[in-house]
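The values are calculated or read from the model by the stated rules, or taken from the named source; none is laboratory data. Nothing here was measured: the structure is a model prediction, and the numbers come from that model. Here Cβ is always computed from backbone atoms with ideal geometry, including for glycine, and neighbour counts include all displayed protein chains. Quick note on the areas: whole protein, heavy atoms, side chains included, nothing else; ligands and nucleic acids left out. Shrake-Rupley method; radii C 1.70, N 1.55, O 1.52, S 1.80 Å.
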Amino acid sequence: MDNEVLEFDIGLGREEYDDEADVDGAGDIEFAADGCSRGGGGTELYILPPQPENETGDEGIMVDLLDLEPYEGMEFESEEASKAFYNSYARRVGFSTRVSSSRRSRRDGAIIQRQFVCAKEGFRNLNEKRTKDREIKRPRTITRVGCKASLSVKMQDSGKWVVSGFVREHNHELVPPDQVHCLRSHRQISGAAKTLIDTLQAAGMGPRRIMSALIKEYGGISKVGFTEVDCRNYMRNNRHRSLEGDIQLVLDYLRQMHAENPNFFYAVQGDEDQSMNNVFWADPKARMNHTFFGDTVTFDTTYRSNRYRLPFAPFTGVNHHGQPVLFGCAFLINESEASFAWLFKTWLMAMSGHSPVSITTDHDSVIRSAIIQVFPETRHRFCKWHIFKKCQEKLSHVFLQHPNFEAEFHKCVNLTESIEEFESCWSTLVNRYDLRDHEWLQAIYSDCRQWVPVYLRDTFFAEMSITQRSDSMNSYFDGYVNASTNLNQFFKLYEKALESRNEKEVRADYDTMNTLPVLRTPSPMEKQASELYTRKIFMRFQEELVGTLTFMASKAKDDGEVITYHVAKFGEDHKSYHVKFNVLQMKATCSCQMFEFSGLLCRHVLAVFRVTNVLTLPSHYILKRWTRNAKSNVILQEHSCDVYTDYLESHTVRYNTLRHEAFKYVDEGAKSPETYDVAMDALQEAAKRVAHAMQNEGRVPINNGKVRSHLLNDERHDNYTSGSQEENMGEHMSEDKMDKNIRELMNELDCAYRKCEIYRSNLLSVLKAVEDHKLELSVKVENIKISMKDSL
């Protein structure tokens, strides 16, 4: 009989990357990366060679095709048809295929021979030039085991392709039918599935929920024909394709804003005329905010996820009211390490080159590598709450089986007081729930120094407590940008978010300037703090100050200048904090490190201040970024300008210094009777001199630059003759006159000093009043603007 001509579908469609992709073998061409989806469901002709009539009839040909095995001499209409047939055979048997090698014609360079192999053919070459000179950041699993199974085809003079070689045997186990959909060359997203994914993505659903819907629709994961990785990649590429036309809207908006205000900064990665590029911008207010509050920054990449239609990433921080504040925004079309490095360098340039003390991002190795390049001195923290959210996904089976696990996990991370305690608690936790070999859990444990609070307390992050969530992370645009927001809507919502945040800051300024907080103690320190801090920050400080009433501070060690105190809550001596206090420098450090982390003193240090008679906050513990004058351009002295406060602070220093020195001599004098007698004599002599100094209002007569002794020896007077006595009396009168002149000059100098202090205090008060008036005017202006907008 003549050759039978049958149609064969080659619509294999799969071009996305995943971890199964094997990049081994120089010169090899991956089957799935070779553009199998280009056919898009088209057809090619497979020509069945002549068959003996007694072996099969016409009806049997169509039935046997489904079970047909390749053999030498089979003919195909094209190379694509032979590839499609071998891949169909591989799906039926249970293995994945790829294109291995080819041979070209010397005459015209056309391909005349192809070899299709099992995906496990060959071995990985670990010494390839392309990999040995660079670090492999995400090493892939070994998939090649030297399998010899293959199909070779070559082109005949007629243009047809014929099988020239076929190896059936594999050296590995084949995949069962219910797992074939996981093999790379058999994964494809059909047209109907694409339509459903597009619809659900537009409704705001993420890839995980979409896959659940597809599995339910098709009746099982094996019938869907692709994996969640394919769904994610399709959604990402679909999102980028949809942005290609709309990205011009972004550039037009940024050019317009820059034309209206030259201080509006924007930059495009690469050529601005190209349609798909990363974009960054920062308005003048964002740049100004960074000068006041740029010590800690959050780079929020939540909107990169497939749940959102915009690859939007804002830079945010925390202002003096504890509110989120914007430092700039970006659209991330390309998310490579080089692109993130470009973005961070551009942001740094927009912020006048001032790197932050700390930066918080999502848990991402690519972002971490870029931060190491651009911010080598900045402390990088992964967002703990994003890790907790990921934990619920990765350990969902543990959460279901063990209801107490979540509470124990949070306690281990948030409530441990030392690195040793955390390490011990973590080890106990993973052993108790048999999670020591859990890959994801071990991965986040290896990065624990970048997200577990006990490792981060020594760095400033502007958070009021170790366990709270940073308000700036994924909250600045909450209520404005959501899963259904597209570029046409974005900038209207963006501007509304800016107006809302600005209004909240103005309101907080107004409350701070025009309302008085309720003081809960008679402490001068509380009154001082209420006049310095903004309302919210003062309330947080007041909470710590009142908390000292339940804490006891006891001296544990005295090393001369530095005294160590144990501070514990009454009745909880087993849980104490260690405070080291330098009396002369008026500096204290606590083992809880709250000041280092948040910029506010903890109740443990304040308890030590209470027992050591420190009545006001030393100037070095008042961070300007938390004060009501945080955005002031007038340079004021860091300590309080109140003369009474200065007096209290200097009095405290003198008191602590004297007491510290006295205690040293008491300890030495009590060691033996002899040292006791000497110490008592010295104290009595000192008491007489202090009493005499108090009678003279602290002024001691001076003779030739030295203190004159008022204790005259009677024997010395008896030895003088009357003549010499008269001479001495004359000298004594002249010396008394000199002392009187000196005292008068000292009085005048003292009066001049006091006047200077009063003038200085008045001047600073005037400057402060000017600043307060400026703030009040700005509040009124903003309120007028808001009322005008509302009326329009």
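Residues that are within 21 Å of the chain's Cα centre (by Cα) and not in a helix (DSSP H, G or I) are absent from the stretch 392-411. Suppose the filter is more than 20 Å from GLY328 (Cβ to Cβ), touching a residue at least 40 places away in the same chain (Cβ under 8 Å) and under 13 Å from the mean Cα position of the chain (by Cα); does HIS380 pass it? Here the answer is no, as HIS380 does not meet what is asked. The set of residues in the stretch 218-238 that are open to solvent by 50 Å² or more (accessible area, probe 1.4 Å) and not in a helix (DSSP H, G or I) contains only GLY219. Only a single criterion out of (1) in a strand (DSSP E or B); (2) modelled with pLDDT of 95 or more is not satisfied by CYS329, namely (2). Kindly provide the set of residues from the stretch 104-119 that are modelled with pLDDT of 85 or more and farther than 15 Å from LYS160 by Cα, ordered by number. Selection gives ARG104, GLN115, PHE116, VAL117, CYS118, ALA119.
Inside the stretch 149-170, can you point out the residues that are over 11 Å from VAL117 (Cα atoms), of a type in the set (Gly, Ala, Ser) and outside any strand (DSSP E or B)? Result: SER158, GLY159.
Could you list, in sequence order, the residues of the stretch 126-158 that are of a type in the set (D, E, K, R) and modelled with pLDDT of 75 or more? Result: ARG144, LYS148, LYS154, ASP157. Inspect all residues belonging to the stretch 543-562 and state whether any of them is among the aromatic types (Phe, Trp, Tyr), open to solvent by 10 Å² or more (accessible area, probe 1.4 Å) and touching a strand residue (DSSP E or B) at 6+ places or on another chain (Cβ under 6 Å). So far as the stretch 543-562 goes, yes, one or more of its residues are among the aromatic types (Phe, Trp, Tyr), open to solvent by 10 Å² or more (accessible area, probe 1.4 Å) and touching a strand residue (DSSP E or B) at 6+ places or on another chain (Cβ under 6 Å). Kindly provide the set of residues from the stretch 245-274 that are in a loop (DSSP other than H, G, I, E, B), surrounded by 13 or more Cβ atoms within 10 Å (Cβ to Cβ) and at pLDDT below 90, ordered by number. Those that are in a loop (DSSP other than H, G, I, E, B), surrounded by 13 or more Cβ atoms within 10 Å (Cβ to Cβ) and at pLDDT below 90: GLN269, GLU272. Looking at HIS574, HIS578, which is the one that is open to solvent by 70 Å² or more (accessible area, probe 1.4 Å), free of Cβ contacts under 8 Å to residues at least 60 places away in the same chain and assigned to a loop (DSSP other than H, G, I, E, B)? It is HIS574. Within the group LEU498, LEU493, LEU545, which residue is in a helix (DSSP H, G or I), in contact (Cβ under 8 Å) with a residue 24 or more places away in the chain and under 26 Å from the mean Cα position of the chain (by Cα)? Of the residues listed, the single one that is in a helix (DSSP H, G or I), in contact (Cβ under 8 Å) with a residue 24 or more places away in the chain and under 26 Å from the mean Cα position of the chain (by Cα) is LEU498. Scanning the stretch 582-620 for residues that are in contact with a Cys (Cβ under 8 Å, 6 or more places away or on another chain) and modelled with pLDDT under 90 gives no hits.
Taken over the stretch 327-345, the criterion of being aliphatic (A, V, I, L, M) and open to solvent by less than 10 Å² (accessible area, probe 1.4 Å) is satisfied by ALA330, LEU332, ALA341, LEU343. Pairs meeting the criteria (first residue in the stretch 661-685 and part of a helix (DSSP H, G or I), second residue loosely packed, with under 13 Cβ neighbours inside 10 Å and of a type in the set (Gly, Ala, Ser), beta carbons under 7 Å, at least 6 apart or on different chains) are TYR676/ALA670. Number of residues in the stretch 346-377 that are open to solvent by 50 Å² or more (accessible area, probe 1.4 Å), over 16 Å from the mean Cα position of the chain (by Cα) and polar (S, T, N, Q): the value is 1. Only residues that are under 14 Å from ARG236 (Cα atoms) and either open to solvent by 70 Å² or more (accessible area, probe 1.4 Å) or part of a helix (DSSP H, G or I) (or both) were counted across the stretch 190-213, and they come to 9.
Beta carbons closer than 8 Å, at least 6 apart along the sequence or on distinct chains, pair a first residue in the stretch 191-212 that is more than 16 Å from VAL229 (Cα to Cα) with a second that is open to solvent by 70 Å² or more (accessible area, probe 1.4 Å) and assigned to a helix (DSSP H, G or I) for LEU196/GLU217; LEU200/ARG209.
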